[in-house]
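Structure record follows, encoded as structure tokens.
Quick note: the coordinates plus some simple rules give every number you see, no bench work behind them. Every value quoted in this text rests on a predicted model; they were computed, and no experiment measured them. For neighbour counting, all protein chains shown are included, and Cβ atoms are generated from backbone atoms with ideal geometry for every residue, glycine included.
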Amino acid sequence: MACRARLMSQLVAVVVAAAALAAAQDQDCDDCLDMEVSLLQRGVSMVGLRAGGAQQSERAATSGLHDSATLEPTVLITGATGGTGRILYRMLKERNVTVRALVRSTSKAKEVLNCDKCDASEGIFVGDVTEEHCLDEAAKGITTLVNLVVARPICKVDSDCYFNHRPTCKGFYHNDCRYPEGGTPEQVNWEGGVNQLRSLIDANGDHPAHVVTLSISGTEIPENNADKLDKGWFAFYMLNFEAYLMATGLPFTIVKSCPLADEPGGERELRVSPRGSNYADIERPVNVRADAATMLMEAVLQPDLAANLRFNMCSRPGPPTTDYADLLRSGRGM
Ligand SMILES: NC(=O)c1ccc[n+]([C@@H]2O[C@H](COP(=O)([O-])OP(=O)(O)OC[C@H]3O[C@@H](n4cnc5c(N)ncnc54)[C@H](OP(=O)(O)O)[C@@H]3O)[C@@H](O)[C@H]2O)c1
């Protein structure tokens, strides 16, 4: 009898939880921001339902941080020789943070990261994320991985204009760009992202690292411009990587940026939103790479504020943003 009663009460609890979830899904997202259903955590299948106010969400947000919140950070940047990566690398070095880089070419690393020997003794590791064990060495003992690797097309057009989204650069060149062989969004953004996470987990065993990544905004719009470029489904694969990352159970911060531009940082007003990316009111929706790097640095150095957070970010002319911690708080949607 006692067993049957216990089973009945468990059944009632499951039905109540399912009804609460269904009700929240039916409502506008105003009411369901605090709710998260996690189906897979580090290979353990489980369903966790969290519903509640700000405090509960913040507690939940920092769960899983363990070492990355308490240890001195050791940060690995992948895509460190790219436009944003090199800025973040320099910013962290200037703050005496231990920082490593995964690069494809030591000569490029020498040129843009200012390393000397450009080998493991200086925290520079050579690797390609399309290979399964890409981070086995580089990620050993790190507290934080910043993933800035991305598939880069080769374009016939003026690429400075195109990749910096200059106001004079009109039109979108879907057919003028081609991804190189082995460098499609599927191979780099998706499979390369999965390889990084698997290799990171293998390298760190029971010490989960905080994973920070700069993704793309607009992934809620099917077949958007980024998807159409060389029919590479760039945004689709980014979104899939985001979902994969969130399902690993590793603490994550996903900053979803509007187009990036190489301009001086600290001059624009940044806005974040945990919802979609409607920038219709911004004449030229871009983020300056230096500002994006500052946001990433804040996430790296404040994992307690940034963990388990995914938000859109874009900037507009206005009073320059200085309080990035405040931005992180507003990214949680409270
Ligand atoms: N560009 C934008 O408008 C934009 C907009 C929104 C979000 N984002 C996101 O912002 C982040 C940084 O973008 P970015 O424009 O600054 O980057 P980027 O300049 O295009 O640099 C990309 C980096 O990825 C590396 N990479 C590419 N394939 C690789 C591979 N197979 N293995 C290892 N490394 C590889 C490149 O290495 P090499 O230096 O050797 O080429 C480079 O360092 C990306 O995650 C991107 O999704 C960009």
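Can you give me the Cα centroid spacing of the range 243-285 and the range 214-242 in angstrom?
Each part's Cα centre sits 14 Å from the other's.
When a/c is below 1.5 the answer is rounded, else prolate if a/b is larger than b/c, else oblate, so apply that to the range 184-334 with a ≥ b ≥ c taken from the square roots of the Cα gyration tensor eigenvalues.
Verdict is oblate for the range 184-334.
Would you kindly give the portion of the calculated P(r) for the range 224-309 that falls above 20 Å, as a percent of all Cα pairs?
The answer is 45 percent, as a whole percent.
For ALA247 and ARG178, what is the calculated FRET efficiency with R₀ set at 45 Å and r taken between the beta-carbons, to the nearest 0.05?
Rounded to the nearest 0.05, the efficiency is 0.90.
Give me the net charge for the shell around ASP136: Cβ to Cβ below 12 angstrom, other residues only, Lys and Arg +1, Asp and Glu -1.
-2
Taking amide H positions as placed in the peptide plane 1.01 Å from N, state which residues far from SER277 in sequence (5 or more) or on other chains have amide H under 5 Å from it.
Answer set, sorted by chain and number: GLY218.
What do the square roots of 5 times the Cα gyration tensor eigenvalues come to for the range 191-238, in whole Å, largest first, as semi-axes of the equivalent ellipsoid?
29, 11, 6
Amide H neighbours of ALA101 under 5 Å, at least 5 residues apart or on other chains, H built in the peptide plane: list them.
Placed amide hydrogens put ILE77, ILE124, PHE125 under 5 Å from ALA101.
Taking amide H atoms as placed 1.01 Å from N in the peptide plane, list the residues 5 or more away in sequence, or in a different chain, whose amide H sits under 5 Å from that of VAL288.
ALA261
Beyond 26 Å between alpha-carbons counts as too far, so tell me which of LYS228/LYS256; LYS93/LYS228; LYS117/LYS256; LYS108/LYS228; LYS110/LYS156; LYS108/LYS140 fall in that bin.
LYS93/LYS228; LYS117/LYS256; LYS108/LYS228; LYS110/LYS156
Restricting things to alpha carbons, find the Rg to Rh ratio for the range 198-267 using the Kirkwood radius for Rh.
For the range 198-267, the value is 1.06.
Under the √(5λ) rule applied to the eigenvalues of the Cα gyration tensor, what semi-axes describe the equivalent ellipsoid of the range 64-331? Give them in Å, descending.
So the equivalent ellipsoid measures 26, 22, 19 Å along its semi-axes.
Points 7 angstrom from Cα along the Cβ direction at SER330 and GLU132: gap in nanometres?
Going from the SER330 label point to the GLU132 one covers 4.6 nm.
Suppose the chain between LYS156 and ARG316 were pulled fully straight at 0.36 nm per residue; how much longer would it get relative to their current alpha carbon spacing?
54.7 nm
Based on the mean of other Cβ atoms within 10 Å per residue, sort peptides 140-147, 110-117, 187-194, 122-129 so the most packed one is first.
With the highest mean Cβ count within 10 Å placed first, the list reads 140-147, 187-194, 122-129, 110-117.
So if I take the centroid of the Cα atoms in the range 141-156 and the same for the range 76-127, what is the distance between those two points in Å?
12 Å
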